[in-house]
1. Remind me, relative contact order of region 272-392 in percent, using alpha carbon pairs under 8 angstrom and six or more residues apart?
2. In region 154-265, what percent of the accessible surface is made up of carbon and sulfur (1.4 Å probe, ligands and nucleic acids excluded)?
3. Per residue, what accessible area does region 151-224 have, given a 1.4 Å probe and all protein chains present, in Å²?
4. Looking only at region 166-206, which residues have a backbone nitrogen under 14 Å from a spot 7 Å from the Cα of ILE287 in the C-beta direction?
5. Among all the lysines, which ones have a C-alpha under 22 Å from LYS367's C-alpha, if same-chain residues fewer than 8 places away are not counted?
6. If you take the square roots of the eigenvalues of the alpha-carbon gyration tensor of region 80-172 and sort them as a ≥ b ≥ c, do you get rounded (a/c under 1.5), prolate (a/b over b/c) or oblate?
7. Among PHE325, ALA88, GLY255, pick out the residue whose Cα is farthest towards the positive end of the charge dipole of the chain, where Lys and Arg carry +1 and Asp and Glu carry -1 on C-beta, about the Cα centre.
8. Can you pull out the GluC sites (Glu not before Pro) in region 319-392 that DSSP calls coil and that have at most 16 other Cβ atoms within 10 Å?
Amino acid sequence: VVDRGSGAYVWDVEGTPYLDYVQSYGASILGHANPKVVEAICAASEMGTTFGAPTPGEIELAEEIVNRVEGLEMVRFVSSGTEAVMSAIRLARGATGRRKIVIFSGGYHGHSDAVLASGGSGVATLGVPSTAGVLESAVEGTLVVPYNSAPLIDKDVACVIVEPVAANMGLVAPQPNWLQDLRRSCDSVGAFLIFDEVITGFRLGYGGASGYYGVIPDIWCFGKVIGGGLPLAAFGARRELMEYLAPKGPIYQAGTLSGNPLAVAAGKAVLSQLNPDSYEQLEETTIELSKGLNQVIGQRGIAVRVPRAGTLLGIFFSEVDVLDFTGAKKAADTGRYRQFFHAMLKDRIALAPGAYEIMFPSLAHTKADITRTIEAADSAAASMAMHSVGSA
């Protein structure tokens, strides 16, 4: 149970400090309790916390976002990534008049019903509910296909939604030209391409994943970084498409706390501190950590892959590169990650407890922090080499 955080560290309720690579699952790119963000939140709170009406801060943050992303002309704020994706899918269906959507196995797009579908072992499988409480009718229009594969898209498909870098099955980067192929496939049948950039948006690079890979989707979903640690997300597109939304268009979407003034103040304070040099610094940190982990774990005889995409970092205990969810599951099923997680936690380094999560170095992590992490990983790997998975 976390009591407080500062920079690269969190403290639990017993006062124990941990070097933190969870960083609210990517939201805290500057580290915890960044002074400028705290100051912005405090100043905004003195003006009122919610109004049910637009505020200047909301407009200013929207302008900051569209100025960074090529092809993006309008955004609408919501309170969570789940809402952003749900609204983006509704927009795609409403604008096309089509029902089907395509998602990729192992991707995560929040917990709205339509995206909580699981696929079978075939190349493409109509979704079945992956959790209790979701009706079969809610996912019968959801097609689930393997990540990094070429889906068969027909004219019944409203949209293809994808994490441009999969970061919810461990880190799986897109294969060369795969995103470009998705773009062409969508164009060929008039389907919309949606980038779920809740994780990659303004973390992977200055313009998010679309800027990093040079592929422009039809609809974007953002979250985490843009809220500065407060509940905030957004979806957006070109103006013509966004004007399908009410009150101008026929597609309804609303939220009482959307564009909350405290959250947009925090988001503005974060983005104001992120420039191209920031991403260069963060990428250097991530490269150093990736190389170090690969080296010290591998030299202990533990099969490992530490994939990196820009400023994002994953870890798979696998003898082969992981390209999709099937490979990610095989790596998770070894049980090695569980051993590694507990050994690192014992050394006061906090990673996400699940094998399908990734690591989030922040701009607050120093070279000394990275060195300490690599040394702890060496110790953890040595312990793992001495104990079988079954005895963990």
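1. Once normalised by length, the contact order is 30 percent.
2. Numbers: 1930 of 3700 Å².
Percent of accessible area from carbon and sulfur atoms in region 154-265: 52.
3. Numbers: 2130 Å² over 74 residues.
Result: 29 Å² per residue.
4. Hits in region 166-206 for ILE287 at 14 Å: none.
5. LYS291, LYS346
6. Rounded is the answer for region 80-172, as its axis ratio a/c remains below 1.5.
7. About the Cα centre, the residue reaching furthest to the positive side is PHE325.
8. Details: sites: GLU319, GLU357, GLU375; in loops: GLU319, GLU357.
Those that pass, being in a loop and sparsely packed, are GLU319.
The values are calculated or read from the model by the stated rules, or taken from the named source; none is laboratory data. Predicted model only: the values in this text are computed from it and were never measured. Note that we place each Cβ from the backbone using ideal geometry, even for glycine, and neighbour counts take in every protein chain shown. Remember, those area values only see protein heavy atoms, side chains included, never the ligands or the DNA or RNA. Shrake-Rupley method; radii C 1.70, N 1.55, O 1.52, S 1.80 Å.
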